[in-house]
Amino acid sequence: MHALLLTSCFIAALLLSLALKYWLATRQMRHVAAHRDAVPAAFAATIPLAAHRKAADYTLAKGRFGLLSTAFGAAVLLGWTLLGGLDALNVAVRDVLQPSGGDMAYQLGLLAAFALIGGLLDAPFELWSTFRIEQRFGFNRMTWKLYLADTFKGILVGVIVGLPIAALILWIMGAAGSLWWLWAWGAWMGFNLLILVLYPTVIAPLFNRFEPLADRSLEARVQALMARCGFTAKGLFVMDGSRRSAHANAYFTGFGAAKRVVFFDTLLSKLSPGEVEAVLAHELGHFKHKHVLKRIVAMFAISLAGFALLGWMSGQAWFYQGLGVEPNVAAANDALALLLFMLVTPVFGFFVSPLLAGLSRRHEFEADAYACAQASGADLAAALLKLHEDNAATLTPDPVYVKFYYSHPPASERLAAMRHGVAAAA
Ligand SMILES: [Zn+2]
């Protein structure tokens, strides 16, 4: 009874989310194509028609590719669940590993086998996106050699970091009694905080080179801005983002006194010192308004709800049977429950994504307002336009698509809000 109900809900949610994604993507593509041949009036003086057309073509290419990978992802999801893929994998791994290695070896083996197959299924899409689409629009700087090295390092980090935390969570699930989900949540949160601390100093340097900012005048400017805003940073670094992509960025990471500012070399080569300062002021705005902290707290709360839900469902036979898997009788079901949960929750989570995107857009406006107060609004506007043009981001997105997906407001809205803010302050 319950199993059939879960199956029906899952199919309904999957079909509904696919229909919605298709509708949104085609809206966006139609809207962008319809505005391809005219730069919007507000940008006519700053953005050349060729750049506007390139942005439209890039958006369309990514949109078509997105539709294809969405359809493929849904097929893979059905393959794992209702069509019996995960069930077959489970039986195979269990029969090989459980008799000799026990529950832990079997469960870790199942997670590893799933990750390996998932990675292989995703690889063609990743390759196509990097070496075809990004390449065609001149963004890709990745070579095959670097791609293979990245993949190898990624697997290594996954094994060194992922395996112990997976083993810990599985052990808690098996040993901590009916409130295991609370303990597991605690362990998972501790792990996430550890990664936040280790990422900038241990993990990121495996993939990129970080060098202290050598430009003395820019350094002085940035230090003055940080002092003005009440921040101290342990260092200003330049990252060789240009090794992989021409897209530009800057970020601010770390906690307490260990904060560090990282500029992509691609950002420094494109923006003037004043514009770099304005971009950093925007990032500082995120910290000043506690957006980062709020995001971490929200992640904690959502994870707690997720673990509680998993704690309840993993003990019910209908949870497995409703999603196409026969639960083990003589072996632990914890790894199986984790995998099913990770596969299926995004389908339902998609329907709340506009809420999170809306919140994120509000944060961007707040960070912009902060940057305009602490640095030059004109520089921030100029930087925004340059980055938009360099990243071939469309200036004419579909408004409904924006509401659903955009974590950053469209350039037109951000510039209008800045003008408004500056006018109100004057
Ligand atoms: Zn931002």
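The values are calculated or read from the model by the stated rules, or taken from the named source; none is laboratory data. These numbers were taken from a predicted model, which means no experiment stands behind them. Cβ atoms come from the backbone with ideal geometry, glycine included; neighbour counts cover every protein chain shown. To get the accessible areas, we keep the full protein, side chains included, count just its heavy atoms, and leave off ligands, DNA and RNA. Shrake-Rupley method; radii C 1.70, N 1.55, O 1.52, S 1.80 Å.
Brief remarks on what is shown
- Tilt relative to the chain, helix 291-313 - C-alpha long axis, 0 to 90 degrees, to 10: 10
- Beta bridges per DSSP, both residues in the chain: antiparallel share near 60 percent.
- For the chain, the Cα gyration tensor yields ellipsoid semi-axes of 41, 26, 21 Å (square root of five times each eigenvalue, largest first, whole Å).
- Ratio Rg/Rh [Cα only; Rh per Kirkwood] for the range 51-168: 1.09
- Normalised contact order of the chain, rounded percent, pairs of Cα under 8 Å and 6 or more residues apart: 24
- When the P(r) is computed for the range 318-426, the part past 16 Å accounts for 69% of the Cα-Cα pairs.
- Applied to the range 206-218, the Karplus parametrisation 6.51 cos²θ - 1.76 cosθ + 1.60 on θ = phi - 60° returns per-residue 3J(HN,Hα) values of 5, 9, 9, 8, 10, 10, x, 4, 8, 6, 4, 6, 5 Hz, with x for Gly and Pro.
- Charge tally in the Cβ shell below 9 Å around G174, where Lys, Arg are +1 and Asp, Glu are -1, G174 excluded: -2
- Alpha carbon centroid spacing (whole Å) that separates the range 170-186 from the range 188-221: 32
- Charge tally in the Cβ shell below 15 Å around L67, where Lys, Arg are +1 and Asp, Glu are -1, L67 excluded: +4
- For H2, the solvent-accessible surface computed with a 1.4 Å probe is close to 100 Å², ligands and nucleic acids excluded.
- R0 of 51 Å, Cβ-Cβ distance S242-C9: FRET efficiency to nearest 0.05: 0.65
- Amide H partners (placed H, <5 Å) of G235, local residues excluded: V261
- FRET efficiency, 1/(1 + (r/R0)^6) with R0 51 Å, evaluated for A50 and L168 via beta carbons: 0.40
- Taking only alpha carbon atoms, the range 375-421 gives an Rg to Rh ratio of 0.98, where Rh is the Kirkwood radius.
- Between helix 353-374 and the chain: long-axis angle, C-alpha atoms, 0 to 90°, nearest 10: 30
- Too-long pairs where the Cα-Cα distance tops 20 Å, listed order kept, from K62/K403; K54/K403; K259/K294; K21/K403: K54/K403
- Backbone amide hydrogens, once placed in the peptide plane, bring S245 within less than 5 Å of R141, excluding anything fewer than 5 places away on its chain.
- Kirkwood-Stokes translational diffusion coefficient of the range 249-368, alpha-carbon pairs, 20 °C, 1.002 mPa s, µm²/s: 119
- Here the range 126-254 is treated as a sphere whose radius is the Kirkwood value from Cα pairs; by Stokes-Einstein at 25 °C and 0.890 mPa s it diffuses with a coefficient of 135 µm²/s.
- Taking Cβ atoms as reference points and 15 Å as the exclusive limit, the residues near H247 contribute a net charge of +3, counting Lys and Arg as +1 and Asp and Glu as -1.
- The listed residues R94, R136 rank as R136, R94 when sorted by accessible area, largest first, using a 1.4 Å probe.
- Angle in degrees between helix 163-175 and the longest Cα principal axis of the chain, rounded to the nearest 10: 50
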